[in-house]
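The values are calculated or read from the model by the stated rules, or taken from the named source; none is laboratory data. Note that this is a predicted model, so its numbers are computed, not measured. Neighbour counts are summed over all protein chains in view; Cβ atoms, including those assigned to glycine, are modelled from backbone coordinates with ideal geometry. All accessible areas refer to the heavy atoms of the entire protein, side chains included, with ligands and DNA or RNA removed. Shrake-Rupley method; radii C 1.70, N 1.55, O 1.52, S 1.80 Å.
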Amino acid sequence: MESILNALLTYSVLESSPSDEPDIEKSSAAEQNGDFAERINDLFGQTNNGDSDQKIDADSDFWSSDYDENIPEELSDSDSCFGMEETSGTFSEKEQKLSFLADMGYPKEEVSIAIERCGPDSSLEELADFLCAAQMARASDASYVDPPKPKLFSDYAKHKKRKMLEYEMRRKKQKGIFEEDEPIRLPKPMIGFGVPTEPQLPFHRTLPETAQAPPYFYYENVALAPKGVWDTISRFLYDVQPEFVDSKFFCAAARKRGYIHNLPIENRFPLLPLPPRTINEALPLTRKWWPSWDPRIKLNCLQTAIGSAKLTERIRKALEDYDGEPPDHVKKFVLDECRKWNLVWVGRNKVAPLEPDEVEMLLGFPRNHTRGGGISRTDRFKSLGNSFQVDTVAYHLSVLKDLFPGGIKVLSLFSGIGGAEVALHRLGVPLKLVVSVELAEVNRNIQRSWWEQTNQTGVLIDIVDVQQLTNERLEQLVKRFGGFDLIIGGSPCNNLAGSNRVSRDGLEGKESSLFFEYIRILDAVKSIMGGKKR
């Protein structure tokens with residue numbers, strides 16, 4: 001970088017010299033600041049034609065269109081190599097870089113020269129930085145009239161970052177690093193093997209033999225994962241078919257999730273009383289202020305963050321400029337933000353984010369479940385946003401009530417704030433044993449507090465990390481308690497969720513790869529228990 005900077009500074013000095021100066025003065029400037037052509041040749045070691053014996057003329061413009069001959073013939077038109085993938089076959093690495101940078105707005109002749117200067121193995125980021133630096137050097141010369149180029153500085157940085165991410169995703173796909181980043185085709189309506197509020201046809205499934213032996217298992221994660229993720233999850237979970245369910249059929253908020261389990265699917269029943277299924281039913285005080293042009297009756301998925309006070313103030317000011325119904329562009333802005341952040345109407349022209357106790361109610365937790373013990377408001381939203389929707393999970397687990405009338409022994413992995421335990425308790429299934437594995441101390445404190453407040457008589461064992469649950473420790477627990485009846489959990493969705501455009505690496509991501517710990521533990525318990533029937 002220091003060498004490049006020196007070369008550019010020298011180039012700027014040379015270009016700023018008057019064109020009608022005697023040659024002797026130009027030579028003096030070149031001697032004083034170093035020969036620019038020699039610096040370029042020494043720095044990059046190649047000329048525009050790849051001939052190491054040919055040197056660059058210091059007085060020539062090496063960004064000239066004379067270098068069109070370096071552009072591959074098949075790339076001489078305006079089509080990028082990515083746009084021609086389906087018809088033109090496979091392109092070389094150099095051609096892909098050339099076409100990609102051309103898509104970003106750089107002239108192809110400049111890109112071709114940059115690749116020659118920086119070397120064939122240079123990264124896209126290095127090439128883009130080189131091109132940007134050259135543009136800024138020319139822009140600093142007042143006598144140089146530059147044709148329109150890509151935006152620089154902050155706009156350029158944002159544009160480059162986005163394009164780099166797109167390129168990396170394409171590159172990984174081409175090399176087979178991970179599957180194409182597209183969601184799988186989800187059923188419509190997303191009701192899985194049935195929900196209590198929708199008419200349905202009788203559904204029957206046959207479990208693979210390897211999935212029929214105890215214990216029961218239940219795995220959950222986001223439905224809108226990258227393409228191929230749920231196929232992989234299903235393959236590791238004994239080829240059991242996923243059940244995709246949107247919690248909007250159970251409550252007033254959407255929550256699209258996939259579930260893989262070996263539980264029976266007959267004779268399910270919902271928690272009673274049935275929770276409210278519309279926003280106005282769940283939050284009746286909002287009905288008075290709800291405008292006729294806001295058509296929402298359901299909230300979107302409840303996230304770990306909420307809208308800011310600055311945003312709600314912007315919405316208020318935008319609406320107060322109009323006595324009656326606002327124009328379409330204002331309505332669009334307000335509705336987009338309300339949907340994104342789940343804002344509800346609390347006054348005339350006033351919206352607000354949900355409160356933690358309202359989120360608890362929508363997700364099926366008891367009031368103040370996440371309150372107390374020094375837990376901040378921010379931590380409450382984060383814990384709730386990563387939790388189960390209790391009514392949905394309880395409907396699936398309801399078949400266990402008749403199977404375990406004397407109580408159930410649960411191994412709860414990634415247990416969060418205890419959504420599974422709350423569901424079983426509300427179903428009336430006694431909790432004889434819960435081995436809860438949860439990394440966040442805040443969540444462990446919430447579950448411990450709930451355990452004490454509900455006067456549970458069983459045994460609760462806390463384990464911090466799934467990696468601490470070794471095979472030896474599992475053997476000790478099975479020997480001590482006689483095994484587990486249910487292994488339940490949902491590994492982190494950080495690298496699967498559609499809102500993550502930076503590290504959405506699927507099951508290879510740092511957090512979401514913990515899915516394989518769920519598999520390891522499930523296989524170990526099944527092996528230790530020997531597949532014995534209850």
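Here are the numbers for the structure shown:
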{"quantity": "The stretch 365-423: number of residues that are of a type in the set (Asp, Glu) and farther than 26 Å from Tyr216 by Cα", "calculated": "1"}
{"quantity": "Any chance Lys401 is open to solvent by 10 Å² or more (accessible area, probe 1.4 Å), among the basic types (Lys, Arg) and part of a helix (DSSP H, G or I)", "calculated": "yes"}
{"quantity": "Pick from the stretch 340-373, criterion more than 14 Å from Ala253 (Cβ to Cβ), assigned to a loop (DSSP other than H, G, I, E, B) and touching a residue at least 24 places away in the same chain (Cβ under 8 Å), ranking: least open to solvent (accessible area, probe 1.4 Å)", "calculated": "Thr370"}
{"quantity": "Complete set of residues in the stretch 184-237 that are outside any loop (DSSP other than H, G, I, E, B), of a type in the set (Gly, Ala, Ser) and open to solvent by 10 Å² or more (accessible area, probe 1.4 Å)", "calculated": "Ser234"}
{"quantity": "Test: Lys409 is touching a Pro at 6+ places or on another chain (Cβ under 9 Å), at pLDDT 95 or above and either open to solvent by 20 Å² or more (accessible area, probe 1.4 Å) or within 15 Å of Gly490 (Cα to Cα) (or both)", "calculated": "yes"}
{"quantity": "Residues (touching a helix residue (DSSP H, G or I) at 6+ places or on another chain (Cβ under 6 Å), under 15 Å from Gly192 (Cα atoms) and of a type in the set (Ser, Thr, Tyr)) located in the stretch 230-282", "calculated": "Ser247"}
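Conditions tested, residue by residue: (1) within 16 Å of Tyr219 (Cα to Cα); (2) modelled with pLDDT of 95 or more; (3) open to solvent by 40 Å² or more (accessible area, probe 1.4 Å).
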| residue | (1), (2), (3) |
| --- | --- |
| Gly428 | no, yes, yes |
| Val434 | no, yes, no |
| Glu441 | no, no, yes |
| Gly458 | no, yes, no |
| Lys510 | no, no, yes |
| Phe516 | yes, no, yes |
| Ser527 | no, no, yes |
| Gly530 | no, no, yes |
